[in-house]
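Each reported figure results from applying straightforward, stated rules to the coordinates on display, with no laboratory input. Quantities reported herein were computed from a predicted structural model and do not represent experimental measurements. Heads up, the Cβs are rebuilt from the backbone with ideal geometry, glycines too, and the neighbour counts pull from every protein chain shown.
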Amino acid sequence: MNKVRFSSERGHILLLTYLLLGALLAMIGAYASIVDIELATTKHSKDSATGFYAAEAGLNLRAKQIRDIFTGYNRPEGTSPEEEGACEGVNLGTGDFACSSMSLNNREVVSYVTEDPSNPVVLTIPPGELYQNLNAQEYRYSVRSVAFNSQDNTEAILELRFKSRLVPLFQFVAFYDKDLEILPGANMNLSGPLHTNGDLYMDTSASLNIAGQVTTAGDLYRGRKNTALCNSRQVTVIDPSNPLAILPSCSTRTLVPEASLGPWNNMIQVGVDIVTVPPPEALDPTPGQIYWDNADLRLQLRLNGSNEPITDGSSETGIYVMDSAGNVQSAPTAELSECSGQIATSGAGGDLRPVGYSNTFFNNREGSLINMAEIDMRSLFDCLHDTNWFGTGKALDDDTEGGLVLHFSVNGPDSATINNYGVRLRNAEQLQSTDGGAPQVRGLTIVTDQALYTHGHYNSVGKIPAALLSDSYNVLSVAWNLSDATSDEHVNNRQANSTTIQAALLTGTDSTGNAEGAGGQGGGGGTSGGDYNGGLENYPRLHENWSGDTLLYRGSYVSLDTPRKVEGNWVYGNPQYTAPGRNWDYDTDFNDASNLPPLSPRFVYLRQELFVRDFEQ
């Protein structure tokens, strides 16, 4: 009886054990399944994220490629693939919009670009936005990017819609690709927007008023860069809703906190993105550079190893006509040498020509005589008109780039380094031919990679859209003796007379302390100051005693770098110059893009409109 009961109990225990083991195994199986699901989910999520970021990289790459094309003064070209079956078979598109494939993180990323058929749209950037109220050409594009995994399955489909805005630099009263210092000793009113890719310093011994949006990629300081000082005089950035928006006064150089700029309603913005601008090399007389390639006329003073002009059978002046490949054009050079003008040419028996050479101007700032290419502007226009532009059939009213682009250069043993070369423009009060029957020049941009000098009034009569692009820019007043008879005398014997210049300027400016950013503070001389670049108020280089006379300027100040061909430091007084009365301001005509000089330099920035992830596949 007992044996039977024990046997029955052992059976029940065994059955219970099997049931518990089964339950445990089921739990283990369920856990394993959950782990597998979790691992699969994690892997899928990881793969999806990896595919997403790979596709996003494809978007960014294509958007940058489009931007780079605009930065290089070109426009994207080509055709997009058809939307149905895009990037399959022969449906690949062409040019800058075509399908493109790249490998990233073991993914194949395929992308293509579509263009808005309404391109370009000319607009005024709305108030409140960065670079408000400026004219811009806006081009709109969409980029589609698809990421495929190693099994050729689609992991992510992304679309980016963006706008590429082209903004002319000459729509700013001042635009610097470096630190900008505005420190006038007399009242200064600037009637336009202002931007720097570096730091901005504002101070005055009188008053400084800016009626335009102020943007800086760096910091904003009240006070000077070359010393730790700050003047308590009034500095205002005018907000239309608050016409007397006065920056805080100070006794020492003071960083203006971004958090304190709210009252200006976006009229002052700091820490904005750096914008890409043309490099100084864009001015070089080199095939592939924008201004050389697109110039309507290229004139070059050619010097031998002793820095003397080279004259031969085609040129009696040392000035040669060049083609875009950098070759001398003998026949046009000979025609130019036969035209009459106002520049005495020793190689032609003292005959007067539109172009020539001199080495009689002594630059006190550089401490040397200057080997100068001399250009009589009105006589040059006469010559171009009379010769039917050396037989090419081009007229003075050509507007291919919005007007004429003329490139003047010096080819000598020191052309690529610090030198004593220059280009001087004479007889340029009116930028037209003296022949009343000649077509009217619509706009004019002068370009040189060397130091540029203008003598007398420039574009003061019958003003046209004009620009002067150079390595450094020098002003000689209407009183300057073009024989340079007083060139090596004391500055007090170089008496200026009031002069008017109306042209946008792009040139190199020195760096205070020989450094950009905080490293140049103190000007290399601690709190007592050191090397000072002269500030915006000394942007043009002067060489006369201007006391009691006025330099009237209307245009735009652009500085993209330090000069590459001159090195003399700014010094006030003897022997360099004394200051004029500065009637300087922005040319508000430039607010209309149709009034900008030919081939005006510009910067490009992208504005994202829409970012979409497609979950359909």
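Summary of values
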| quantity | calculated |
| --- | --- |
| Computed E for D488/N266 - FRET, C-beta separation, R0 60 angstrom, nearest 0.05 | 0.70 |
| Projected area, mean over directions - the range 230-341, Cα convex hull, nm² | 14.1 nm² |
| For W584, residues with placed amide H under 5 Å, excluding near neighbours | Y553 |
| Cα Rg over Rh - the chain, Kirkwood | 1.19 |
| The range 446-588 - percent relative contact order, Cα under 8 Å, separation 6 or more | 26 percent |
| Mean projected area (nm²) of the alpha-carbon convex hull when the range 45-133 is viewed from all directions | 8.5 nm² |
| Cβ-derived FRET efficiency at R0 45 Å, A259 paired with A98, nearest 0.05 | 0.45 |
| Base-10 log of normalised Debye intensity for the range 337-462 (one unit scatterer per alpha-carbon) at q = 0.14, 0.16, 0.19 Å⁻¹ | -0.66, -0.85, -1.14 |
| C-alpha long axis of helix 377-386 to longest principal axis of the chain, angle in ° | 90 degrees |
| Residue exposure sequence - T254, T124 - by fewest surrounding Cβ within 10 Å | T124, T254 |
| The chain, helix-only ellipticity at 222 nm - DSSP H runs n ≥ 4, -39,500 (n - 2.57), divided by all residues, nearest 500 | -5500 deg cm²/dmol |
| Shape box of the range 407-481 [Cα atoms, principal axes, largest first, Å] | 42, 27, 19 |
| Counting DSSP beta bridges with both ends in the range 174-270, the antiparallel % (nearest 5) | 20 percent |
| Net charge, T360 excluded, C-beta distance under 15 Å - Lys, Arg +1, Asp, Glu -1 | -3 |
| Note, ³J(HN,Hα) from phi for the range 125-137, Karplus 6.51, -1.76, 1.60, rounded to Hz, x at Gly and Pro | 4, x, x, x, 8, 4, 6, 4, 6, 8, 6, 8, 8 |
| Percent of beta bridges antiparallel (DSSP, the chain, rounded to nearest 5) | 45 percent |
| Proximal aspartates and glutamates relative to K394, as straight alpha-carbon distance under 18 Å, when same-chain residues fewer than 8 apart are discounted | D293, D296, D323, E335, D382, D386, D435 |
| Cα extents of the range 174-270 along the three principal axes, largest first (Å) | 32, 26, 24 |
| Interchain or long-range residues, amide H under 5 Å from Y320's placed H | Q300, L301, R302 |
| For Y176, distant residues with modelled amide H under 5 Å away | H195, T196, N197, S559 |
| Burial ranking of peptide ranges 497-507, 573-583 (average Cβ count within 10 Å, highest at the top) | 497-507, 573-583 |
| Distance from the range 142-165 to the range 313-384 (C-alpha centre basis), Å | 57 Å |
| In degrees, nearest ten, helix 2-71 long axis to first principal axis of the chain (Cα) | 10 degrees |
